[in-house]
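Q: Take a look at the following structure, please.
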Amino acid sequence: MIDIRRTFLCTQVNFRKWMINPRIYVVFTLTIAFLAYHSFGLSQFSAEVGYPVSPWIFAHLTTPPVMQVFAFLIILLFCDAPFKDRHTPFLIVRTGRGNWIIGQIFYIFIAAFIYTLFSFLSSIVIMIPNVEMTFEWGILLQTLANDPMYAPDSVTIFFNPEWMAILSPIEATLLSLLHFWFVAIFIGLVILSFNLLADKMLGILISGIFVFLSFFSVYIGTLLFGIGIYYFSPISWMSLSYVDWSYSGSFPSPTFALVTLLIAMIIMSIVSILIFIQKDIDIQSRRY
């Protein structure tokens, strides 16, 4: 019988470990540093031309190879799934196997959301003082979207005019956050389920293959297999530029991407629960 209180206790224990886990500090520090580096050219260009940047650049950040950098940082965040330590066997005895493993799944969902929100807020903060609060795309972003040659080489953020014409800044940002969050959960659950299935490194290996496939799809993969390869590249769905907003069938549609990710999450969650419930607990070696 699942006890929600005990389940969230297991989730809470993982978050308490963040305070003493240097890897968590590394992930969030690298995220800020990378975004600052990637956005520096745009911030500097904004200061030079005298037009501030609107706070809606996050939706434009997840293009290759930035998308792959984010994916590797997410792998680093969840690489130790199922998040066990020397206290874990005793916590399992106290809370129950089912409650513990579901708590780990909840942790992935919540941690992925926190990282998504952190990345979004960081993309705004690093643009200060060259950012202006507005609910429009702004003159600078519209100009760079319609005429990319206007930007100097130092600007490494590219703006997609196609879905900028379809989506408002709020809509694009919310959808981008949703896609980013779902892909982050997908990566976390891939690591969890495969680490439980075989070996601790297997989940990292499989998630790394998915990241490589997203990079391969952009270049050689498209030439060899056509754009249909994006239907098999869930990491690519992190970007709004790699889903088909016209629903023509060329790229995966947003509905296809989100529903497929959701189904994959459900399947991997169920598989993780079933595998863990049948595993033995070795207190001495701290392995499952």
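Q: Of the residues 247, 107, 231, which exhibits the maximal mean-square fluctuation in a Gaussian network model of the chain defined by a 10 Å Cα contact cut-off?
A: 247
Q: Could I ask something else about it? I'd like to know which of 71, 126, 2 lies farthest towards the positive end of the charge dipole of the chain, counting +1 on Cβ of Lys and Arg and -1 on Cβ of Asp and Glu.
A: So the residue we want is 2.
Q: Where in segment 1-42 is the amide nitrogen less than 17 Å from a point lying 7 Å along the Cα-to-Cβ axis of residue 125?
A: The answer is 19, 24-40, whose backbone nitrogens lie closer than 17 Å to the label point.
Q: Something else now. What is the order of 137, 245, 18, fewest Cβ neighbours within 10 Å to most?
A: Going from least to most buried by this count: 18, 245, 137.
Q: Say we join alpha carbon atoms closer than 10 Å with springs in a Gaussian network model of the chain; which of 201, 164, 19 then has the biggest fluctuation?
A: Of the options given, 19 has the highest mean-square fluctuation.
Q: Full-extension gain between residue 33 and residue 260, please, as 0.36 nm times their residue separation minus the C-alpha to C-alpha distance.
A: Full-extension gain reported as 78.5 nm.
Q: Given the rule -39500 (n - 2.57) for each run of at least 4 DSSP H residues, summed and divided by the residues of the chain, what is its mean residue ellipticity at 222 nm, to the nearest 500 deg cm²/dmol?
A: Result for the chain, helices only: -20500 deg cm²/dmol.
Q: Report relative contact order for the chain in percent, whole number only (criteria: Cα-Cα under 8 Å, sequence separation at least 6).
A: 26
Q: Need one number: nm distance between label points at residue 277 and residue 85, each 7 Å from Cα along Cα→Cβ, rounded to one decimal.
A: Using points 7 Å along Cα→Cβ, the separation is 2.8 nm.
Q: Could I ask something else about it? Going by Cα centres, segment 15-50 and segment 200-254 are how many Å apart?
A: Centre-to-centre distance over Cα atoms comes out at 25 Å.
Q: For the pair residue 142 and residue 166, how long in nm is the line joining their label points, each one 7 Å along Cα→Cβ?
A: Label at residue 142, label at residue 166, 2.0 nm between them.
Q: What are the residues whose amide H is under 5 Å from the amide H of residue 53, where those residues sit 5 or more places off or on another chain and H is modelled from the backbone?
A: Sorted by chain and number, the residues that satisfy this are 131, 132.
Q: About the Cα centre of segment 4-277, how large is the charge dipole given +1 on each Lys and Arg Cβ and -1 on each Asp and Glu Cβ? Please answer in debye to the nearest 20.
A: Dipole of segment 4-277, to the nearest 20 debye: 1600 debye.
Q: Expected output is a single nm value to one decimal: the length gained when fully extending between residue 154 and residue 4, i.e. 0.36 nm times separation in residues minus the C-alpha distance. What is it?
A: 49.0 nm
Throughout, read-outs are computed from the coordinates displayed, never taken from laboratory work. Because the structure is predicted, anything quoted here is derived from the model rather than measured. Note: ideal-geometry Cβ built from the backbone for every residue, glycine included; neighbour counts use all protein chains shown.
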